[in-house]
Amino acid sequence: MKKYSIIIVSLILIIFAWVRCSKDYPVDEDGLLITTRAQCYVSNFELLGADFQTVRTTAAVIDTTALTINAVVFYGTDLKNLYPQFSLVTDAKLDPKITGKVDFSDLANPKKYTVISGNRIVKKTYTVYITVQPKL
Amino acid sequence: MQRKYFSLIPLILIIFFNSCKNDEYTVPVGKTGLNNDCIKRTLGPNIVGNNIEFAYAIALPAKEGKIISAQVEATIPAATGTYLENRSFYTSASGVDVGITVGSPSVTTDTKTVVTFTKDTCASTLRFFYTIPEAARGKSVSFTFSATASNGQTVSYSMGPYAITKMDMKLDLVATDNKACYISIADMAIYDAATAAANADKIDLVYLYRAITGITFNHALASPGASAEYLPGITLPAGVNKVTKMSKTWALNDFNLARLQYGIYIDDVDFQVVDFTNAPNFVINLKAQAGTWVETADGKYRAYVYINAVNNAASSMTISIKRYLMK
């Protein structure tokens with residue numbers, strides 16, 4: 001009887017070890033799931049001011065071929081303290097990450113953001129062009 | 001089943017019958033003697049000049065006597081306007097608080113406020129309004145509520161300590177374009193051009209209203225040192241040139257300033273944590289319920305300017321200010 005018990009316990013331990021060591025779903029360096037999706041684009045773009053209200057005068061124009069985003073903001077917008085918001089295709093992620101206020105005041109050197117697809121293979125860099133509403 | 005387990009059956013039965021027995025209901029017995037309780041009714045920061053309100057309840061069984069007096073002792077002498085209600089309130093069927101006079105008007109002497117009862121009453125809830133004195137700014141204040149009954153019993157109840165904020169508040173200042181449009185945070189006042197020239201070093205903001213075709217300028221607050229682009233048509237009085245940092249907000253409806261239904265309070269700590277890095281020196285397109293954090297050029301004061309109302313026809317803006325001394 002004792003011999004059989006040892007065998008059973010050993011088998012259980014082996015099964016546990018096997019399950020524990022089997023390969024999990026792959027994740028990237030941010031702990032995000034790597035999927036099979038290869039799509040890579042920005043679907044929507046928002047720009048909020050320090051008061052968390054939109055500063056756009058119209059919807060941002062996103063060109064997924066030219067990889068550009070064009071947004072016109074209100075006259076007098078404080079370009080140094082803006083919160084950009086990107087909506088991306090499923091499973092994609094953005095680089096660099098947006099962690100707080102972003103300074104868009106250097107209009108001659110527009111900000112660039114790279115969208116990385118769900119499979120982490122396709123990368124597309126978008127350029128964000130901001131235009132301040134002109135005074136007539 | 002083995003025989004030895006049969007001995008457990010009586011024990012199980014005893015437990016079963018005991019657990020199923022109904023408890024007899026007994027009428028609760030009220031407390032005897034003089035009792036009291038207290039709650040603080042006001043919320044938010046305790047601002048100098050404003051009231052802290054309490055409700056102090058006192059009661060004893062009718063057969064044991066009646067209430068003779070109630071008093072409140074504060075650790076810091078109260079400002080003028082402090083009083084302990086001499087009326088006990090109940091809420092009528094229509095939801096209105098109705099006051100019944102139970103004593104003579106309260107008398108405040110130094111730290112004590114006393115009401116002497118004139119009606120034969122054994123239960124009463126009195127409101128206490130402590131007007132915060134200047135001496136309490138930045139300190140803590142505590143209260144001891146106490147009551148005496150005709151049978152010689154006394155009770156007391158301690159409340160606090162409550163921190164009194166360092167901030168100042170000014171409500172409903174009206175700025176008018178091209179007239180009283182120079183705002184001083186140091187004085188918490190709005191001046192016209194002539195007075196602004198005499199207080200040039202205290203002018204932190206300029207109010208203006210411009211309906212400019214093609215852009216949304218409308219009601220604006222700009223620091224005197226802002227680009228002329230944001231002060232169109234303004235000729236600043238001599239010496240008015242401060243560069244004030246600002247950070248626009250929306251729907252930060254502080255209860256003290258807005259007096260609306262929102263339970264939002266700006267307290268001392270909120271001024272300390274505002275980040276003015278790269279902050280602009282103007283805010284335009286302001287509407288009612290918007291506001292702006294402000295830091296004066298010398299960094300001495302931080303303030304929150306709330307916009308209560310704007311009037312396009314009159315080119316005016318009603319503002320309320322909370323100000324915090326930083327250094």
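Just a few scattered comments:
- Within the stretch A:80-109, restricting attention to residues that are outside any strand (DSSP E or B) and over 24 Å from B:K248 (Cα atoms), the residue that is farthest from the other protein chains (Cβ to nearest Cβ) is A:D91.
- Among the residues of the stretch B:91-114, those that are within 13 Å of B:E73 (Cβ to Cβ) and touching a residue at least 24 places away in the same chain (Cβ under 8 Å) comprise B:T108, B:D110, B:T111, B:K112, B:T113, B:V114.
- Residue selected from the stretch B:187-219 under the condition assigned to a loop (DSSP other than H, G, I, E, B) and within 14 Å of another protein chain (Cβ to nearest Cβ), by the criterion farthest from A:Q133 (Cα to Cα): B:A211
- Strands (runs of 3 or more DSSP E) contained entirely in the stretch B:101-156, each with at least 2 residues that are more than 21 Å from the chain's Cα centre (by Cα), surrounded by fewer than 17 Cβ atoms within 10 Å (Cβ to Cβ) and of a type outside the set (G, A, S): B:107-109
- Out of B:T277, B:T249, sole residue that is closer than 20 Å to A:D51 by Cα, polar (S, T, N, Q), within 14 Å of chain A (Cβ to nearest Cβ) and in a loop (DSSP other than H, G, I, E, B): B:T277
- One residue alone among A:T35, A:T77 is polar (S, T, N, Q), in a loop (DSSP other than H, G, I, E, B) and either more than 13 Å from chain B (Cβ to nearest Cβ) or loosely packed, with under 12 Cβ neighbours inside 10 Å (or both), and that residue is A:T35.
- Tally, over the stretch B:210-224, of residues that are more than 19 Å from B:V294 (Cα to Cα) and either small (G, A, S) or touching a residue at least 12 places away in the same chain (Cβ under 8 Å) (or both): 7
- Residue ID - surrounded by the fewest Cβ atoms within 10 Å (Cβ to Cβ), chosen from residues in the stretch B:280-305 that are within 9 Å of chain A (Cβ to nearest Cβ) and of a type in the set (G, A, S): B:A290
- The number of residues in the stretch A:112-136 being away from chain B (no Cβ under 14 Å), of a type in the set (K, R) and in contact (Cβ under 8 Å) with a residue 24 or more places away in the chain comes to 3.
- Within the stretch B:157-190, if we keep just the residues that are among the charged types (D, E, K, R) and touching a residue at least 24 places away in the same chain (Cβ under 8 Å), the residue that is surrounded by the fewest Cβ atoms within 10 Å (Cβ to Cβ) turns out to be B:D172.
- Criterion (of a type outside the set (A, V, I, L, M, F, W, C) and more than 15 Å from the chain's Cα centre (by Cα)) met by exactly one of A:T58, A:T114, A:T90, A:T125: A:T58
- Per the listing B:K322, B:K245, B:K327, the residue uniquely closer than 25 Å to B:N46 by Cα, at pLDDT 95 or above and charged (D, E, K, R) is B:K322.
The values are calculated or read from the model by the stated rules, or taken from the named source; none is laboratory data. As the structure is a computational prediction, the values presented were derived from the model and not from experiment. We place every Cβ from the backbone using ideal geometry, glycine too, and count neighbours over all the protein chains shown.
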